[in-house]
Amino acid sequence: MAKPKVASDWMAGCAGCHMSLLDIDERILQIVEAVDIRATPITDLKEPDEEGVDVGILEGAVNLTTNEEVAHRMRKRCKILVALGDCAVFGGVVAMRNFYKMQDALRRAYVETESTDSEGKIPSDPELGRPTQVRALKDVVPVDVHIPGCPPDPDVIFYALSELAAGRIPEIKDERLHWH
Ligand code: SF4
């Protein structure tokens, strides 16, 4: 039987969820044995196969139009979509921006930060995408599995990946969650 194909990507987050995935340590060898890892932000191939993958994993909230594109691309190309981490599950710390006016948040981020010199300005490059209201992944595309946590516990990630590798939908119940 062919190994399930897995791809991951990230949107507005801190990369901590992917770091937590690496924190499953030597158990990653079991995962690599069981699945075909096609693309991730931390490997050479960055985008899921156009022909599709079995499992897509997304970290981060939807904060920019470029994040929306990543969310729609992964949803279109995967059978099972996993929201990895609090930012993807409900917006997480990124959603704190929703308490502020967009221009105030952009000015604070690009002009007023203590490390910004007098040249600081709000970027307007279309490559960056336009800011939107911060949303959870499920508010943009249908999600099949939610793995909460900031970052999610490596044991929970390992459990979820093992279940997905075996062709099952993981049940992330309260007793599996370790809140930090
Ligand atoms: Fe980072 Fe936490 Fe968001 Fe994951 S859930 S991307 S660890 S802030």
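Please state which one of Val141, Val111 is in contact with a Lys or Arg (Cβ under 8 Å, 6 or more places away or on another chain) and assigned to a loop (DSSP other than H, G, I, E, B). Steps first, please.
Values: Val111 fails: assigned to a loop (DSSP other than H, G, I, E, B).
None of the other options fit; the residue is Val141.
Quick check on Arg130: is it away from the ligand (no atom under 16 Å from the Cβ) and over 22 Å from Ala34 (Cβ atoms)?
Answer is yes for this residue.
Anything in the range 42-73 that is in contact with a His (Cβ under 8 Å, 6 or more places away or on another chain) and either within 13 Å of the ligand (Cβ to nearest atom) or at pLDDT 95 or above (or both)? List them, or say none.
Glu59
So which residues in the range 85-104 are crowded, with 17+ Cβ neighbours inside 10 Å and closer than 22 Å to Pro123 by Cβ?
Of everything in the range 85-104, those that are crowded, with 17+ Cβ neighbours inside 10 Å and closer than 22 Å to Pro123 by Cβ turn out to be Cys87, Val94, Ala95, Arg97.
Could you say which residue among Ala34, Ala39, Ala105, Ala88 is among the hydrophobic types (A, V, I, L, M, F, W, C), away from the ligand (no atom under 16 Å from the Cβ) and under 17 Å from the mean Cα position of the chain (by Cα)?
Ala39
Name, by its number, the condition in (1) surrounded by 11 or more Cβ atoms within 10 Å (Cβ to Cβ); (2) of a type in the set (D, E, K, R); (3) without any contact (Cβ under 8 Å) to a residue 24 or more places away in the chain that does not hold for Glu114.
In the conditions (1) surrounded by 11 or more Cβ atoms within 10 Å (Cβ to Cβ); (2) of a type in the set (D, E, K, R); (3) without any contact (Cβ under 8 Å) to a residue 24 or more places away in the chain, Glu114 misses (1) alone.
Within the range 3-31, restricting attention to residues that are touching a Gly at 6+ places or on another chain (Cβ under 6 Å) and part of a strand (DSSP E or B), which residue is farthest from the ligand (Cβ to nearest atom)?
Ala7
Is there a residue in the range 135-150 that is within 16 Å of the ligand (Cβ to nearest atom), crowded, with 18+ Cβ neighbours inside 10 Å and at positive phi?
Yes, that holds for at least one residue.
Got a sec? Which of Ile122, Ile172, Ile80 is modelled with pLDDT under 95 and more than 16 Å from the ligand (Cβ to nearest atom)?
Working: Ile172 fails: more than 16 Å from the ligand (Cβ to nearest atom); Ile80 fails: modelled with pLDDT under 95.
The conditions single out Ile122.
Contact list please: Cβ distance under 9 Å, first residue in the range 132-155 and under 14 Å from Ala95 (Cα atoms), second residue more than 16 Å from the ligand (Cβ to nearest atom) and hydroxyl-bearing (Ser, Thr, Tyr), pairs at least six apart or on different chains.
Thr132/Thr65
The values are calculated or read from the model by the stated rules, or taken from the named source; none is laboratory data. Keep in mind that what you see is a predicted model, and the values were worked out from it rather than measured. Because the Cβ atoms are built from the backbone with ideal geometry, glycine has one as well, and the counts that use them run over all protein chains shown.
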